1. With the structure loaded, tell me whether Ala119 is surrounded by fewer than 20 Cβ atoms within 10 Å (Cβ to Cβ), touching a residue at least 24 places away in the same chain (Cβ under 8 Å) and not acidic (Asp, Glu) or whether it fails that test.
2. Would you point out the residue of region 333-371, among those that are of a type outside the set (S, T, N, Q) and part of a loop (DSSP other than H, G, I, E, B), that is surrounded by the most Cβ atoms within 10 Å (Cβ to Cβ)?
3. Given (1) of a type outside the set (Asp, Glu); (2) over 15 Å from Ala188 (Cβ atoms); (3) in a strand (DSSP E or B), where does Val208 come up short, assuming only one miss?
4. Which ones in region 177-205 are farther than 24 Å from Glu227 by Cα and either at pLDDT 95 or above or assigned to a strand (DSSP E or B) (or both)?
5. Identify, please: which residue in region 108-151 is among the basic types (Lys, Arg) and in contact with an Asp or Glu (Cβ under 9 Å, 6 or more places away or on another chain) and is, among those, nearest to Leu193 (Cα to Cα)?
6. Could you tell me which of the residues Ala160, Ala152 is over 21 Å from Glu140 (Cα atoms) and either outside the structural domain of Ile122 (by TED's automatic domain parsing) or among the small types (Gly, Ala, Ser) (or both)?
7. Name the residue, out of Val298, Val288, that is buried (at least 20 other Cβ atoms within 10 Å of the Cβ) and over 20 Å from His118 (Cα atoms).
Amino acid sequence: MQRRARNVIATLAAGGVVAAINVVPSALPSADSTNELDPAAKELAADIDEILADPRMDGSQVSVVVAEAETGDVLYERDGDDRLMPASNKKLFTAAAAMDVLGPDYTFDTTVETDARHAGRILAGDLYLRGTGDPTMLAEDYEALADEIADAGIERVHGAVVVDDTWFDDRRLGLGWNWDDEQYYYSAQISALSIAPDTDYDAGTVIVRVEPGSRAGDAAEVTVIPENDYVEIVNDATTTDAGSGRNISIERAHGQEEIRVSGTIATDSAATSQWRAVWEPTGLAADVFVRALQERGVRVREGVEFGPTPDDARVLASHESMPLSELLIPFMKLSNNGHAEVLIKAMGREAAGAGTWPAGLDVMDDTMEAWGLDTGTIGSVDGSGLSRRNWIPPNEIIQLLLAVQDEPWYDAWYESLPVAGVEERFVGGTLRFRMDGTAADGNVRGKTGTLTGATGLSGYVTTADGDELVYSILLNNYLSSKPSDIEDAIAIRLAEHTEGGEPSATTFRAPPEPRTDQPGDLECSWTKAC
């Protein structure tokens, strides 16, 4: 069933008039005026207002809501019903819905099956490599599947390796994803059968590593992870004299598996690695698996084909992924877009029998409505927030943050949120270099979100009195570089909040200067900077 959120998107696309949308009032309790707030809350509101008076916000859209986690009582609200682009704050919804619909113990299975007769060393037919969306499959996992085939005594496959990615549909890219992001790993194509190059689990990508040759004039040395014959490398990069620096470009052309490496790298330069999305991830997975078979002496007569697995096929080898509760760590800590989209399609397949974005988004909407969210106020087209056609009011984010506290899987979901100032990568995540040395350090948990002209931070914070608050900060349509320091300043002020004693001058400490190696307009994880 098409949700009202989808109708909102159609209205916008057709008319482009944001003012024509009727905003449904939030169900959250709220303070109608600052006169109803106690002195400490008034002081908090005044300080947040001062932080938001930053000139960079002139002409932008700003929505901020802060509420008590236990009662839902609102301590601060500015335009909480306004729809803004959430960027990766959208992953809060996807992760919570997946935990509810699929369950924390949900796993993805990858199998090798056949309906052919197996006599001695010969399999008299096809092998079927069947995926159900596992985004954590590595080369070593395909090698383990190949080991099982070889251990079964099969040396010759008289048919083909038939690759089955039909668990999901064949729509690879999300609605509204930018064409110029297509080659980058944060915009990788979504397939039910894929492969990741390392344990960040960026499925559908390869790592291209470039290092200098032995001496000036030599071609640069290029390696690809995982090793494969699927991606074609065109190496135009050259080695230059020591001290001349490094200027390397790695580009994949639209619709091709050709990656061109160009530029120069000095003999004394360190190697550089970049992640690139492949054009068709199913083909890459198949290539790695067939190579693994060949390395184990298993010959495939008919090569690789694509198609569904027969209903009467029997399983020869299988791999089970980590459970969803564990997958949430790389997904949320590193803001992995591909994981979000796989979970959307997995929810659609599990609950509605269709591994598609529309089916999965409808299932997610049903879950949100059960938690008291008004999905009629939300525009939703993907699970990651990569599309600029997602719009969410911060009041609905607050409602989500409040509602999930009662769920049995809440602790695992809460633990998946990045933690400010904690440099351990799979704890601090995208907040690991932010707010360190302040009251927010090791305290503020939140999902970051960044697109050009859009940033957000939403989550939980404990005040100086030990009370827990929920907060959502969305900033859109600014012309500066990413103003994440404004988000940090608000989060720090919340961590310092106290109800005790007479109101006094705030002890607020401004956030530290951002690190120079952090990207200005992207999630730091999207450039492997955190």
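The values are calculated or read from the model by the stated rules, or taken from the named source; none is laboratory data. Nothing here was measured: the structure is a model prediction, and the numbers come from that model. Note that we place each Cβ from the backbone using ideal geometry, even for glycine, and neighbour counts take in every protein chain shown.
1. Numbers: surrounded by fewer than 20 Cβ atoms within 10 Å (Cβ to Cβ): yes; touching a residue at least 24 places away in the same chain (Cβ under 8 Å): no; not acidic (Asp, Glu): yes.
For Ala119, the condition - surrounded by fewer than 20 Cβ atoms within 10 Å (Cβ to Cβ), touching a residue at least 24 places away in the same chain (Cβ under 8 Å) and not acidic (Asp, Glu) - is not met.
2. Initial filter on region 333-371 (of a type outside the set (S, T, N, Q)): 333-334, 338-355, 357-366, 368-371.
Restricting the remaining residues to those that are part of a loop (DSSP other than H, G, I, E, B) gives 334, 353-355, 371.
Working: Leu334: 23, Gly353: 8, Ala354: 16, Gly355: 25, Trp371: 18.
So, considering only residues that are of a type outside the set (S, T, N, Q) and part of a loop (DSSP other than H, G, I, E, B), the one surrounded by the most Cβ atoms within 10 Å (Cβ to Cβ) is Gly355.
3. Here Val208 clears every test but (2).
4. Within region 177-205, just Trp177 meets the criteria.
5. Here is the first cut: in region 108-151, the residues among the basic types (Lys, Arg) are 117, 121, 130.
Then drop every residue that is not in contact with an Asp or Glu (Cβ under 9 Å, 6 or more places away or on another chain), which leaves 121, 130.
Numbers: Arg121: 27, Arg130: 7 Å.
Top of the filtered list is Arg130.
6. Details: Ala152 fails: over 21 Å from Glu140 (Cα atoms).
Going through Ala160, Ala152 in turn, the sole match is Ala160.
7. Numbers: Val298 fails: over 20 Å from His118 (Cα atoms).
Going through Val298, Val288 in turn, just one is buried (at least 20 other Cβ atoms within 10 Å of the Cβ) and over 20 Å from His118 (Cα atoms): Val288.
Residue-wise test of (1) of a type outside the set (Ser, Thr, Tyr); (2) buried (at least 21 other Cβ atoms within 10 Å of the Cβ); (3) more than 30 Å from Ala216 (Cβ to Cβ); (4) under 21 Å from the mean Cα position of the chain (by Cα).
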| position | (1), (2), (3), (4) |
| --- | --- |
| Gly263 | yes, no, no, no |
| Ser269 | no, yes, no, no |
| Ser273 | no, no, no, yes |
| Leu293 | yes, yes, yes, no |
| Gly303 | yes, no, yes, no |
| Arg314 | yes, no, yes, no |
| Phe331 | yes, yes, yes, yes |
